[in-house]
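Each value in this text was obtained by applying a stated rule to the coordinates, not by laboratory testing. Predicted model, so just to flag it, every value in this text is computed and none were measured. Reconstructed Cβ throughout: ideal geometry from the backbone, glycine too, with neighbour counts over all protein chains shown.
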Amino acid sequence: MLVRINQKLAVVLAVLAGVYLFLSFNLPKYQNAIIDADMVPKGLGVLLLFFAVLLYFDKKEETEAEKKKRTMTRGNVLILLAVLAFILIYIFLLEMVGFLIMTALFIFGCSLFLGYRKHVSNAIVSIVFSLVIYGLFNYLLKINLPAGIIPL
C-alpha cells in the first residue's frame, strides 16, 4: 500500500492534520465575533489535509538523485539544531526583551548564521520588517505584541 515516500509522508501529514483540526475545533468560541479566532487554525488544518491527500495520489517516482538529496549530513543536522536553538532563545526572550528587538535580532542573527553577508541590507530588512509587523498588529489590528524593554 505505502510504496513511495510521498505516500508515507502523506499519511503522517494527514494524521498530523487530523490532530490539528481536532484541537482547533476545541478552541473556545466568542459570542459577538462574526469571524472567530479559530477560523485561521481550521483553515490551515483543512489545507494541510488537502495537500496530504494530493501528495498521497502523486504518481511521481523517486529517482536515485532525489534519494541522495534526502540524506542529511552531520553538518546539516548541526545547522538545523542551531536554528532550533535560535528559535527557542527567541521564544524564551520575546516577552522580556520585546517583539521589536527580539525579532530584529532573530532575523539578523539567523541570516548571518546561515551565510548572508550583506550586513547593511540584512540590518535594514530585519529592522523594517519588525517595525512593519509591530505596527500592523498593534495599531491596525489592535493586537498588542510584547513591548518588552521599549515603552511604546
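Given a Förster radius of 22 Å and the C-beta distance between F92 and I149 as r, what FRET efficiency does 1/(1 + (r/R0)^6) yield to the nearest 0.05? The calculated FRET efficiency here is 0.90.
In this structure, the amide hydrogen of G148, modeled 1.01 Å from its nitrogen in the peptide plane, lies closer than 5 angstrom to those of F99, counting only residues at least 5 positions away or on a different chain.
Would you mind calculating the relative contact order of the chain from Cα pairs under 8 angstrom and at least 6 residues apart, reporting the percent as a whole number? Let's see the in-between values first.
Details: 105 pairs, mean separation 31.3, N = 152.
Relative contact order for the chain comes out at 21 percent.
Spacing of the modelled spin labels on V77 and V132, each 7 Å from Cα toward Cβ, amounts to 3.8 nm. Show which lysines lie in cross-link reach of K29 when reach means a straight Cα distance below 24 angstrom and same-chain residues fewer than eight apart are skipped. Within the straight-line cut-off, K29 pairs with K42, K142. Loop sites here are trypsin sites (Lys or Arg not before Pro) outside DSSP states H, G, I, E and B with no more than 11 other Cβ atoms within 10 Å. The longest part of the chain free of them is 61-116.
Taking each residue as 0.36 nm, the span from K29 to L140 lengthens on full extension beyond its C-alpha to C-alpha distance by 37.7 nm.
Here the range 1-73 was treated as a single set of alpha-carbon atoms; its pair distances binned every 5 Å from 0 give 3, 16, 18, 16, 14, 11, 9, 6, 4, 3, 1, 0 percent.
Coupling constants for the range 6-21 follow from the phi torsions by the Karplus curve (6.51 cos²θ - 1.76 cosθ + 1.60, θ = phi - 60°), and in residue order they are 4, 5, 5, 5, 4, 5, 4, 5, 5, 5, 4, 5, x, 5, 4, 5 Hz; glycine and proline get x. With the alpha-carbon atoms of the range 96-152 aligned to their principal axes, the span from lowest to highest coordinate is 36, 22, 15 Å, starting with the largest.
Classify the range 37-104 as rounded, prolate or oblate from the Cα gyration tensor: take a ≥ b ≥ c as the square roots of its eigenvalues, call it rounded if a/c is under 1.5, otherwise prolate when a/b beats b/c and oblate if not. Could the numbers behind the result be given before it?
Details: a/c = 4.70, a/b = 1.32, b/c = 3.55.
Oblate, since a/c reaches 1.5 and b/c is not below a/b.
Using alpha carbons only, the radius of gyration of the chain set against its Kirkwood radius gives Rg/Rh = 1.06. Between the C-alpha center of the range 14-33 and that of the range 65-144 there is a gap of 28 Å.
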